[in-house]
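Have a look at the structure below, then the notes.
The values are calculated or read from the model by the stated rules, or taken from the named source; none is laboratory data. A quick note: this is a predicted structure, and the numbers were derived from the prediction, not measured. Positions of Cβ are backbone-derived with ideal geometry, glycine not excepted, and every protein chain shown enters the neighbour counts. Each accessible area value is taken on the protein alone, full model and side chains, heavy atoms only, with ligands, DNA and RNA left out. Shrake-Rupley method; radii C 1.70, N 1.55, O 1.52, S 1.80 Å.
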Amino acid sequence: MIYKIQLNDVLVTSNCEISEEEGKAYVEWAQKKYAGKKIDEVRLNFNGDDVDIETHLAPESFEKIRRITGYLVGTVDRFNDAKRAEERDRVKHM
């Protein structure tokens, strides 16, 4: 049987019943280990005295970066008029 606890925006699942306090301790451990990342789920698999912990992180947004007129950029919105003209007039190679 799988037990589930929702702690704020993190789902804690376990193969045995745990207290909310114990679930919070595992979430805090995961947040320290993956500082700066958003955690979606912590899965706990208890096997005697051992615990397997799986941490599932939320997907991060990704911005494509390309080289345009000698600069690595994601967008050209910060280019001045001269750089925009250079980008517009360049020969694109496929």
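Explain nothing, just compute: Karplus ³J(HN,Hα) = 6.51 cos²θ - 1.76 cosθ + 1.60, θ = phi - 60°, for every residue of segment 82-87 in order, whole Hz, x for Gly and Pro.
Ordered by residue, 3J(HN,Hα) equals 5, 5, 5, 5, 4, 5 Hz.
Tell me, in nm to one decimal, what length is gained between Gln31 and Ile68 on full extension, where the rule is 0.36 nm per residue of separation less the Cα-Cα distance?
Extra length from Gln31 to Ile68 when fully extended: 9.5 nm.
Computing the accessible area with a 1.4 Å probe over protein heavy atoms, can you report the carbon and sulfur percentage for the chain?
On the chain, the fraction of accessible area on carbon and sulfur atoms equals 47 percent.
Each label point is 7 Å from the Cα along the Cα-to-Cβ direction; what then is the distance between the points at Ala58 and Lys4, in nm?
So the two model labels end up 1.8 nm from each other.
Pop out the ³J(HN,Hα) list for segment 17-23 in order, Karplus 6.51 cos²θ - 1.76 cosθ + 1.60 with θ = phi - 60°, rounded to Hz; leave Gly and Pro as x.
Going residue by residue, I get 6, 10, 7, 5, 4, 5, x Hz, with x marking Gly and Pro.
For the chain, what is the percent of antiparallel DSSP beta bridges, rounded to the nearest 5?
Of all bridge pairs located within the chain, approximately 80 percent are antiparallel.
GNM on the chain, C-alpha springs below 10 Å: top fluctuator among Phe79, Phe62, Phe46?
Taking springs between Cα atoms under 10 Å, the residue moving most is Phe79.
Can you pull out the GluC sites (Glu not before Pro) in segment 28-94 that DSSP calls coil and that have at most 10 other Cβ atoms within 10 Å?
Glu60, Glu63
Could you pull out every residue, at least 5 positions away or on a different chain, whose amide H is within less than 5 Å of the one on Glu41? Hs are placed 1.01 Å off N in the peptide plane, and Pro or chain starts have none.
Here the answer is Leu11, His56, since their amide H atoms fall under 5 Å of that of Glu41.
Output ³J(HN,Hα) for segment 55-64: one whole-Hz value per residue in order, computed from phi by the Karplus curve 6.51 cos²θ - 1.76 cosθ + 1.60 with θ = phi - 60°, and x for Gly and Pro.
10, 10, 8, 6, x, 9, 5, 10, 10, 5
Only helical DSSP H runs with n ≥ 4 go in: add -39500 (n - 2.57) per run for the chain, normalise by residue count and round the 222 nm mean residue ellipticity to 500 deg cm²/dmol.
-7500 deg cm²/dmol
Relative to the Cα centre, what is the charge dipole magnitude of the chain, using +1 at the beta carbon of each Lys and Arg, -1 at the beta carbon of each Asp and Glu, and rounding to the nearest 20 debye?
1040
Residues with beta-carbon under 12 Å from that of Val51, excluding Val51: net charge, scoring Lys, Arg +1 and Asp, Glu -1?
Every neighbour counted, the sum reads -4.
Given the alpha-carbon gyration tensor of the chain, what are the semi-axes of its equivalent ellipsoid in whole angstrom, ordered largest first, with each equal to the square root of 5 times an eigenvalue?
49, 13, 10
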